[in-house]
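K.L.:
Would you mind keeping the following structure in view while I ask a few things?
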Amino acid sequence: MQLVLFFIFGGLCAAAALNLLLTRHPINSALSLIVVMTSLAVLYLTLGAEFLAAAQVIVYSGAIMVLFTFVIMLLNAGEEVRTRGSRAAYLVGVPGVAALFSLLTFVFLSQGNHLGKSTLANPATLYDLSAVLFRDLLLPFEVTSVLILIAILGAVALARKEH
Amino acid sequence: MLTFLLLSLVKVIVVTVVLLLAVAYTVLLERKLVARIQNRWGPSRVGPFGLLQPLVDGAKSFLKEDIIPAGVYKPLYILSPIIALSCALLSIAVVPFGPERQFRGVDLFQITDLNVGLLVILGVTSVGIYGIALSGWSSNDKYSLLGSLRASAQIVSYELALGLSLVGVVLRAGSLSLRDIVNSQSAHGLFSWNVFGGFQFFAFFIYLMAAFAETNRSPFDLPEAESELVGGYHTEYSSMKFAMFFMSEYANMITVSCVATLLFLGGWTSPFGNLLPSLGGSILASFVPFCWFVLKVLFFLCLYVWVRGTLPRFRYDQLMAFGWKFLVPLAIANIIGTSLWLALRTS
Amino acid sequence: MSGSYLTILLLLVCAVGFGVGPLVLAWIWAKAYSPEKPGPYKNATYECGLESKGVVWVQFKAEYYLYGIVFLIFDVEAIFLLPFAVAFTGLTAGACVAMLVFLFLLVEGLVWASRKGVLLST
């Protein structure tokens, strides 16, 4: 069952990601990205991470992608035009992404123990999750809040018109 | 496994059909009540008291010609009413209509009980925005685009207040499952409901305001302010597609009323606690809580209509300022207050 | 656990079915019994009888997107608050203080943003 779901939604995810890259119109790319995010949420769900799946849908499919569509609607970005720059991006981008992917995989596989990990019961209840989040991972959590604050400051400073 | 699947399928279809019927009759209820508020009769010709009016309206929108204006971006133009209606119907998934009652492993009064029930509702609502955003964008119409921009900014702003107002309730119940939340308010009837006994009055107020804004209802119906924007984001839609937007709006209203009932008015619990004589364990007895639930939801729906018949529309900057500068800070204050109160009570 | 999600999947299929079904039926009905008669005026963009000028897809007031950004940031906060609320009774005082600090930082951000007047651009 889990394997079947993995193949269905993993395939959907990969297909949508490909469509995201190949399609020319930004709104289609944004929609494909929503499909990618939602199928990722389903994959999390099959792994027993209910909260993570819900958070994925709310934050990524909901908030972040709403922001993207919002910007596309406001700027009315038209179809993508092929230029010399985009061809250069192809040449540099594909090997670059491959290299980054290999590097990250290597780091996670070899150094996973040093990055710190917490084991949760399976299926983990929300109670277990927050116990870990607010006890063992308190410092990263606080750092996150500072990061979010900086994000607010940055966004407002960039977008505000000086009067 | 097969019986489970079949029974679940039957349950799902029954719930969806009942929801759609409820949508149709909410429209009639609204037209009737608003008419009485304005000293008119409302629909009264089709069937006794106009009771067949929703069905005739449905048939009409089915038979009308579907005009697709020139210059629309067709795939999204067709997709967006489907997104809107599907998300509206999907958000009923975790709403329990009564206490747990199993029949061959299938829960009769709820589609499914999840540990993260409340999050599922938030998630489905946040995806439902795309129906509105994309419809306005793909219509190639200035009114539609403005309407959908307004609607998205408004829904996004009030979703925040809505999410924050839920935290007080969750603090008290210690769970995100809607069934647990109702059970946490079932001890002493009326006095243990969150809105009274749980001191969640402010959260209730915030939730109610945010719910009105989320469903684009008066007095926050700026996205379809007809004096400025014709029909708002669905100006260019006709026949069945228009009807789907219409149905999704009312379905959202019903879901939001259900959730308000569950979170703040004790769900299916009776306001008199254990004072009423119990009917024993018969099948009939399990429908009494269901009736309480329906009554409370009906109360919210009438409130919606009453507000629509009474209050004028907000101005857009007032709307945004109300959301960001009043509701969100109030919600945060409510969270801090509730957590302090709970901490003092337990220690 | 998997059963409850199976039911959601069923509901999803049903909900999409109720969305697509009537559309398809209406389309078939229209094809069979009421052929469409398009015309330049009938299919024109609705602008209250005036002739439509210019394209719709122009660059719009970009400040609108600040609502999107601020919403995104606070949505993350709400997501963190919910597990906190669930486990509140089992948490230590230190965790609660941490949460209060978290809340305080975000309120500070909100106050700052509204002082700068970004939340009132209409």
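K.L.:
Quick one: helix A:26-46 against the long Cα principal axis of chain A, what's the angle to the nearest 10°, folded into 0 to 90?
P.N.:
10 degrees
K.L.:
Going by how many other beta carbons lie within 10 Å of each one, how would you line up C:31, B:325, B:296, fewest first?
P.N.:
C:31, B:325, B:296
K.L.:
Mind checking the angle between helix B:117-138 and chain B's longest principal axis? C-alpha axes, 0 to 90 degrees, to the nearest 10.
P.N.:
10 degrees
K.L.:
Follow-up. Return the subset of B:32/C:42; B:325/C:116; B:11/B:241; B:142/C:31 for which the Cα-Cα distance in this structure is over 24 Å, preserving the input order.
P.N.:
Distance filter (> 24 Å) returns B:32/C:42; B:11/B:241; B:142/C:31.
K.L.:
While we're here: Per residue of region B:20-27, in order, report the coupling 6.51 cos²θ - 1.76 cosθ + 1.60 (Karplus, θ = phi - 60°) as ³J(HN,Hα) in whole Hz, putting x for Gly and Pro.
P.N.:
Per-residue couplings from phi come out as 5, 5, 4, 4, 4, 7, 5, 4 Hz.
K.L.:
Could you give the C-alpha radius of gyration of chain B expressed as a fraction of 2.2 N^0.38 Å, taking N as the number of residues it contains?
P.N.:
My calculation over the Cα atoms of chain B gives 1.02.
K.L.:
A follow-up question, please. Assign one of three labels to the protein assembly as shown, namely rounded, prolate or oblate, based on the Cα gyration tensor with a ≥ b ≥ c the square roots of its eigenvalues; rounded applies when a/c is under 1.5, prolate when it is not and a/b is larger than b/c, and oblate otherwise.
P.N.:
It is rounded, given that a/c, with a ≥ b ≥ c, falls under 1.5.
K.L.:
Let me ask something additional. Tell me which residues come under 5 Å, amide H to amide H, from residue B:110 once H is placed; ignore anything under 5 positions away on its chain.
P.N.:
B:97
K.L.:
Pop out the ³J(HN,Hα) list for region B:93-102 in order, Karplus 6.51 cos²θ - 1.76 cosθ + 1.60 with θ = phi - 60°, rounded to Hz; leave Gly and Pro as x.
P.N.:
Here the 3J(HN,Hα) series is 3, 9, 7, x, 9, x, x, 4, 9, 8 Hz.
K.L.:
Using Cα-only point scatterers and the Debye equation, what is log10 of I(q)/I(0) for chain A at each q in 0.08, 0.16 Å⁻¹, rounded to two decimals?
P.N.:
-0.36, -1.38
K.L.:
State whether region C:2-46 is rounded, prolate or oblate according to the following rule on the C-alpha gyration tensor (a ≥ b ≥ c being the square roots of its eigenvalues): a/c under 1.5 gives rounded; otherwise a/b larger than b/c gives prolate, and the remaining case gives oblate.
P.N.:
Judged from the Cα gyration tensor, region C:2-46 comes out oblate (a/c at least 1.5, b/c at or above a/b).
K.L.:
Could you give the longest part of chain B that holds none of the chymotrypsin sites (Phe, Trp or Tyr not before Pro) found in DSSP loops with at most 14 neighbouring Cβ atoms within 10 Å?
P.N.:
B:42-271
K.L.:
Hey, another quick one. Report relative contact order for chain A in percent, whole number only (criteria: Cα-Cα under 8 Å, sequence separation at least 6).
P.N.:
Taking the mean separation of contacting Cα pairs over the length of chain A, I get 17 percent.
K.L.:
R0 = 35 Å: FRET efficiency of residue A:92 with residue A:15, Cβ-based, nearest 0.05?
P.N.:
Between residue A:92 and residue A:15 the formula returns 0.90.
K.L.:
Could you work out the per residue convex hull volume over the alpha carbons of region B:240-345, in cubic angstrom?
P.N.:
Spread over its residues, the Cα hull of region B:240-345 gives 185 Å³ apiece.
K.L.:
Read phi for every residue in region A:55-67 and hand back ³J(HN,Hα) as whole Hz from Karplus 6.51 cos²θ - 1.76 cosθ + 1.60, θ = phi - 60°, with x for Gly and Pro.
P.N.:
5, 4, 5, 5, 7, 7, 5, x, 5, 5, 6, 4, 4
K.L.:
Can you give the relative contact order of chain B as a percent, counting alpha carbon pairs under 8 Å and 6+ residues apart?
P.N.:
It rounds to 23 percent for chain B.
K.L.:
As I understand it, the value is the acute angle between the Cα axis of helix B:53-63 and the longest principal axis of the Cα atoms of chain B; what does it come to in degrees, rounded to 10?
P.N.:
With rounding to tens, the tilt is 50 degrees.
Values quoted throughout were computed directly from the atomic coordinates according to the rules given, and no laboratory measurement underlies them. In this text, all values refer to a predicted model and were calculated from it rather than measured experimentally. In this analysis, Cβ positions are derived from the backbone assuming ideal geometry, glycine residues included, and neighbour counts consider all displayed protein chains.
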